[in-house]
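The structure appears below as structure tokens.
Just so it is clear, none of the values below were taken in a lab; they were calculated from the coordinates. This is a predicted model, so every value here is computed, not measured. Cβ atoms come from the backbone with ideal geometry, glycine included; neighbour counts cover every protein chain shown.
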Amino acid sequence: MGRIQRKILRLWIALFNQPLQDDEYKSVVISGVAVLGMREDDGWLDAEDYTPKYSAVIKLARLMVVQEAYERRREAIEQYENRGLSRKRAKEKASSHYVLTRGLVRAFMTMAHDGKDPTPMQWLYRSRSYGFKIRYTTTAEGKIQWIGDDILYPHMRFSMTKFRSMVHGLVGEAREELFGKLMMVKMSADQEVDMKQVPPIHWDKMVDQPSETKVGWSFLDDQRNQ
């Protein structure tokens with residue numbers, strides 16, 4: 001990691017470790033997350049669209065904690081080596097990744113305890129939990145409308161005829177990929193296949209065994225399908 005990247009990582013660790021006292025929005029992290037909740041039309045995102053942003057910030061914080069622990073151990077090993085210790089002895093003397101990560105997690109990645117002030121991470125956890133509660137207990141708004149044979153979806157309108165045409169097009173593309181490119185079978189101009197060129201598959205005679213729990217087992221392994 002370069003010198004600038006290392007300083008940036010230290011800055012983010014310090015921001016996540018900032019104690020929250022009488023004003024949460026003095027925290028750069030919380031203020032930044034609040035800005036992410038704004039829509040382009042100056043409104044606010046609802047819980048369904050906003051809680052994933054909380055999750056993304058929390059995930060990035062966890063990744064930075066792991067990276068910080070890695071960098072601290074690497075720097076400690078270098079310091080011991082500069083003092084004259086061998087590489088092996090320096091690794092033994094430096095704190096492990098587990099110890100360093102545990103210390104960072106206890107410092108600011110969990111809910112406040114032992115009389116400590118809460119950190120931005122606690123605010124993120126609680127706000128995300130509240131958002132999940134709203135998200136999973138609120139009925140989603142309807143987005144599909146019908147006008148005769150036409151379907152209206154946000155910013156789109158199409159008829160069932162166009163929809164069927166699209167499905168037929170996808171089936172045709174799939175047939176071309178399967179027969180023409182995978183099985184190397186000649187196809188007519190209408191994308192029809194002479195079924196004598198391919199082995200028959202008796203779908204109506206295929207059986208499965210739902211109770212089979214063997215790892216890697218497939219219905220093709222069933223003796224009745226041989």
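DSSP loop trypsin sites (Lys or Arg not before Pro) in the range 1-75 with at most 16 other Cβ atoms within 10 Å of their Cβ, which ones?
On the way: sites: ARG3, ARG6, LYS7, ARG10, LYS26, ARG39, LYS53, LYS59, ARG62, ARG72, ARG73, ARG74; in loops: ARG39.
Answer by residue number: ARG39.
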Could you put PHE219, PHE179 in order, starting from the residue whose Cβ has the fewest other Cβ atoms within 10 Å?
-> PHE219, PHE179
Where the only charges are on Cβ atoms (+1 Lys, Arg; -1 Asp, Glu), what is the dipole of the chain about its Cα centre, to the nearest 20 debye?
-> 1700
For the chain, what D do you get in µm² per second when you plug the Kirkwood radius from alpha-carbon pairs into Stokes-Einstein at 4 °C and 1.567 mPa s?
-> 52
Based on DSSP H runs of at least 4 residues, each adding -39500 (n - 2.57), what is the mean residue ellipticity at 222 nm of the chain after dividing by all its residues, to the nearest 500 deg cm²/dmol?
-> -15500 deg cm²/dmol
Can you tell which of ILE147, ILE134, ILE58 shows the greatest fluctuation in a Gaussian network model of the chain with Cα springs below 10 Å?
-> ILE147
Evaluate the relative contact order of the chain (contact order divided by residue number), counting alpha-carbon pairs under 8 angstrom at least 6 apart; express in whole percent.
-> 16
In a shell of Cβ-Cβ distance under 15 Å around MET160, excluding MET160 itself, what net charge do Lys and Arg (+1) and Asp and Glu (-1) give?
-> +1
Where in the range 117-226 are there trypsin sites (Lys or Arg not before Pro) that are in a DSSP coil and have at most 13 other Cβ atoms within 10 angstrom of their Cβ?
-> LYS143, LYS186, LYS214
In the neighbourhood of LEU9 defined by beta carbon distances under 10 Å, the net charge of the other residues (Lys, Arg +1; Asp, Glu -1) is +1
Roughly how compact is the range 3-137, stated as its Cα Rg over 2.2 N^0.38 Å to two decimals?
-> 1.29
Debye intensity ratio I(q)/I(0), log10, the range 145-203, q values 0.12, 0.21, 0.22, 0.29 Å⁻¹ (C-alpha model) | -0.47, -0.81, -0.85, -1.19
Relative contact order [Cα under 8 Å, 6+ residues apart], the range 145-203, whole percent | 15
